[in-house]
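> I'd like to ask some things about the structure below.
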Amino acid sequence: MKKFFRLVSVIISSLALVLVLTACGSKSLADQNVVTRAKRTNTITWGVKADTKLFGLMDVKDSHIKGFEVDMARALTKQILGPKGKAEFVQVTSSTRVPLLKNGNIDAIMATMTITPERLKQVDFSRSYFDAGQSLLVKKGSPIKNVRDLNKKGATVLGVVGSNSVQNVAKFAPKAKVLQLSDYAQAMTALKSGQGEALTTDNGILAGMSVENPGYVLTGGAFTKEPYGIAINKNQPEFKHDLNRALTKVEQSGQYNRILKKWFGNVPGMNVKEMER
Amino acid sequence: MIAIFHNYGSLLLQGFGQTLLCSVIALIFSLVIGSMFAIFETTPIKFLRVIARIYIEVFRNIPLLVITMFFYVVIPMFVTKINGFTAGTIGLTIYTSAFIAETVRSGINSVDPGQMEGARANGLSWWQSMQHIVLPQAFRYVIPPLGNQFINLVKNSSVLAFVAGFDLMYQGNVIASDSLNTMSTYICIGILYLIITLPLSYWMRYLEKKLA
Amino acid sequence: MKDFINAYSWINIHYLLQGLWITVAVSLVSIVGSYVLGSILGIVRYVNIKVISPVVGLFIDIIRNLPLLLIIFFTYFGLPNLGLRPSSVWATILAMTVFESTMIAEIVRSGIAAVDPGQMEGARANGLSYGQAMYHIVLPQAMKKMIPALVSQFISLIKDTSLATIIVLPDLMHNAQIVYGQNSTYILPMFLMIAVMYFIVCYALSLLSRSLDRRMS
């Protein structure tokens, strides 16, 4: 009996411990006005991907992250802080980006993040800076021509944890089984080793993968609209306003189209002319 | 936190079940395989000793994730299709068995060699002396470190998350990204792990006291 | 085969070695930290001081029964709630030290418990104080029994640093992921290469422990 009480007390105390850890959330950093702080330090800290071709990819030669989103973040920083403004980059993944934003480690997320109603409950978004659409990557000659072909028992679709594309599959092909891998390279490897029939995510990311794996092609076109937005903390209306204004300026000056062309100009399956702004 | 349990109860339950299932399977097989290699290492036969040595050193010095990925990625390329749960469980079994072998071996070695000699002198065969005299004493020494290994095994089953094995950690990642409520989700996951591991560690302590 | 040759270019290997350095450095600091902290916790738990020992015991039981991955999460995402924002390197070192010290505490405690109680009584009967008897008689014997378990734990620690990839610690595992993120055909060569690198580091440690083991017995 004594042992039993001891066990119960251990469980109760551990619950109390974790409650204390979460409950005493002081909201210091995330609640400060980002614009004021950025102007003081002359820096905006961006959370970007480092494992996604064309959007944000670590260059192993010099350990710098490079891609469309990194160039865009730099351009936006200069619009907001002036030509001497510094953009700092912190590498994030789909599962760490929101906690890092809420903790104030980063000021904004620019990491292939689609604006969705669920996410809007947790964070705020700028208007869209890139219009992607979800698509499928399959082996050349695969019988799967579009997402409806996957809506059957025994079909397996591969995706990545933390992306909203897996939730879309549940909508478009409810009978298919979904496997969520931890990153795109592992999902691609799982596709090659036959763990699933198709890999699904946004077309821009899939295009990057088909470039390096010529035996695999995009199929069926985009079946959803995935507008990427810059995610920021709630209660930052000034920062949101500045971001949207900076985005408009970057678009109007033609800088947006130059960056777009630099990264997507030579990618098969991407029509840069359609995406220009 | 209560909201997480409420909204994602079935996912959490499924993950809990998979983690438990994988742990039990891996526990049984790794204990058998591990003890076998430990005995191999202490036999007078040199060939068996070398085999056991290589097995233990290779698998306990490579991260579990690497072993698991090998089964998940390489085996389907050459042999047969294998799902994440199976790959993860095989990887976990092999990895843990190397640690168990090392633990049991050190237990056998800490038994006074005089015991073995005495038993042999009294006419028992090598295997009989091992079974009746040496192993019972050895296991008494190694109960606490073995307990550590079993708890490690349960926690290490989280490697299944990397190969889509639908375990607790996998469901945790899925729920965290769906609800965007990272801390609460992982606290729920932590409580569920404690439900498995805490009784295990108290039971081990009880056994240790009883055997001492 | 071509994949392997391309994957093992000097640029990629160099990048992996940078990761290996982080892995080794973080592990070393955590090993020293957790050994010191773990020994203290283990002895405190064994000696049975009023109030302190049960509290320490409770702490050990909770932490050691959670997956390390969760401890890392709590350190990195939970500490900012208390006003601290550790970098991923310090968050990892802190998480590893706290977690591993509870594992080591258990090893130390059971190592002391496994020493024949007659040894302590004999030493006390010969006029040594409790502390002296512990330090000169019991601990050296307990140490001998603990070495294999301790080394196993340290090897686990080194490999477990790979879990900190999740909070973007630029360690060996992370850098391998970055390399195969450039080209997914590199995934198998990268996994094999890091297996070899981890093996070399960990095997060196177990060889060291074997020679220690031999010298002490």
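Coordinate-derived values only; no laboratory data. Everything numeric in this text was worked out from a predicted model, so none of it was measured. A quick note on method: Cβ atoms are made from the backbone with ideal geometry, for glycine too, and the neighbour counts reach across all protein chains shown.
> So for A:R40, C:R64, fewest C-beta neighbours within 10 Å to most, what's the order?
A:R40, C:R64
> Let me ask another. Starting with the highest mean, order C:108-120, A:45-57 by the number of other Cβ atoms within 10 Å, averaged over the residues of each peptide.
Sorting C:108-120, A:45-57 by mean packing, highest first, produces A:45-57, C:108-120.
> Additional query: Compute the angle between helix B:135-156 and the longest alpha-carbon principal axis of chain B, please, reported from 0 to 90 degrees and rounded to the nearest 10.
Approximately 20 degrees, to the nearest 10.
> Exactly which trypsin sites (Lys or Arg not before Pro) in segment A:97-141 are in a DSSP loop and have at most 13 other Cβ atoms within 10 Å?
Sites meeting the loop and neighbour criteria: A:K121, A:R127, A:K140.
> Rounded to whole Å and ordered largest first, report the semi-axes of the equivalent ellipsoid of segment B:86-173 derived from its Cα gyration tensor (root of 5λ).
38, 12, 8
> Work out which helices of chain A, taken as complete DSSP H runs, extend at least 15 Å along their axis over the Cα atoms and score a mean Kyte-Doolittle of 0.5 or more, then list them.
What comes out of the filter, once short or polar helices are dropped, is A:2-23.
> Fewest Cβ neighbours within 10 Å first, please rank B:L12, C:L169 accordingly.
Arranged by neighbour count, lowest to highest, B:L12, C:L169 become B:L12, C:L169.
> What does the average come to when, for each residue of peptide A:53-59, you count the partner chain Cβ atoms lying within 10 Å of its Cβ?
If you average over the peptide's residues, the count of other-chain Cβ atoms is 3.
> Let me ask another. Would you tell me the mean number of C-beta atoms belonging to other protein chains that fall within 10 Å of each C-beta in C:148-156, as a whole number?
For peptide C:148-156, the averaged partner shielding equals 5.
> Tally Lys/Arg at +1 and Asp/Glu at -1 over every other residue whose Cβ is under 15 Å from the Cβ of B:L65; what's the total?
-1
> When Cβ neighbours within 10 Å are restricted to other protein chains, what is their mean count per residue of peptide C:158-168?
Mean shielding count: 4.
> Related question: Normalised by the empirical 2.2 N^0.38 Å for globular proteins, what value does the Cα Rg of the protein assembly as shown take?
For the protein assembly as shown, the normalised Cα radius of gyration comes out at 1.03.
> Once you put a point 7 Å from the Cα of C:S9 and another 7 Å from the Cα of A:D62, both along the Cβ direction, what distance in nm separates them?
1.6
> How far apart, in nm, are the 7 Å Cα→Cβ label points at B:L13 and A:K86?
5.4
> With an 8 Å cut-off on Cα pairs and a minimum separation of 6 or more residues, tell me the relative contact order of segment B:19-168 in percent.
Reported as a whole number, the value is 34 percent.
> I need C:T97, A:T200 ordered by Cβ neighbour count within 10 Å, fewest first.
With the sparsest Cβ surroundings first, the list reads C:T97, A:T200.
> Write down the percent of antiparallel bridges among all DSSP beta bridges whose residues are both part of the protein assembly as shown, to the nearest 5.
Of the beta bridges lying entirely in the protein assembly as shown, close to 55 percent run antiparallel.
> Given H placed 1.01 Å from N in the peptide plane, which residues other than close sequence neighbours of A:V178 have an amide H under 5 Å from its amide H?
A:V157
> Can you list the lysines whose alpha carbon sits under 26 Å from that of A:K192, skipping same-chain ones fewer than 8 residues off?
Correct list for A:K192: A:K49, A:K53, A:K139, A:K140, A:K145, A:K152, A:K153, A:K171, A:K175, A:K177, B:K81, C:K2.
> Over chain C, what relative contact order in percent results from Cα pairs under 8 Å that are six or more residues apart?
Over chain C, the number comes to 30 percent.
> Also, I was wondering about something else. What FRET efficiency comes out for the pair B:I75/A:D31, r = Cβ-Cβ distance, R0 = 35 Å, nearest 0.05?
The calculated FRET efficiency here is 0.10.
> Hey, can you grab everything whose amide H is under 5 Å from the amide H of A:I230? Only 5+ residues off in sequence or another chain; H modelled, so Pro and N-termini drop out.
Distant-sequence amide H within range of A:I230: A:S126, A:Y129.
> Related question: Compute the FRET efficiency between B:I54 and A:N266 as 1/(1 + (r/R0)^6), taking r as their Cβ-Cβ distance and R0 = 51 Å, and round to the nearest 0.05.
0.55
> Can you compute the helix-only [θ] at 222 nm over the protein assembly as shown? Use -39500 (n - 2.57) per DSSP H run of at least 4 residues, normalise by all residues, nearest 500 deg cm²/dmol.
The per-residue figure over the protein assembly as shown is -20500 deg cm²/dmol.
> For the modelled label position 7 Å from the Cα of C:V47 along Cα-to-Cβ, which residues of segment C:131-168 have backbone nitrogen atoms closer than 19 Å?
So the set is C:131-143.
> Please say if segment A:134-224 is rounded, prolate or oblate, where rounded means a/c under 1.5 for a ≥ b ≥ c the square roots of the C-alpha gyration tensor eigenvalues, and otherwise the choice is prolate for a/b larger than b/c and oblate otherwise?
Rounded is the answer for segment A:134-224, as its axis ratio a/c remains below 1.5.
> Rounded to the nearest 10 degrees, what's the angle between the helix C:139-160 long axis and the longest principal axis of chain C, both from Cα atoms, 0 to 90?
Compared with the principal axis, the helix lies near 20 degrees.
> Note down the net charge around B:L11, summing +1 for each Lys or Arg and -1 for each Asp or Glu among other residues with Cβ under 15 Å from its Cβ.
-1
> For the pair C:L58 and C:S129, what calculated FRET efficiency results from E = 1/(1 + (r/R0)^6), where r is the Cβ-Cβ distance and R0 = 45 Å, to the nearest 0.05?
Rounded to the nearest 0.05, the efficiency is 0.95.
> Counting alpha carbon pairs within less than 8 Å and at least 6 residues apart, what relative contact order, in whole percent, applies to segment B:58-100?
This gives 52 percent for segment B:58-100.
> For A:T116 and A:K177 in the same chain, what is the full-extension length gain: residue separation times 0.36 nm, less their Cα-Cα distance, in nm?
Full extension of this stretch gives 19.7 nm more.
> Among residues other than A:D149 whose Cβ falls under 12 Å from its Cβ, what is the net charge (Lys/Arg +1, Asp/Glu -1)?
+3
> Additional query: So what's the angle, to the nearest 10 degrees on a 0 to 90 scale, between helix B:168-179 and the longest Cα principal axis of chain B?
Long axis of B:168-179 versus the principal axis of chain B: about 20 degrees.
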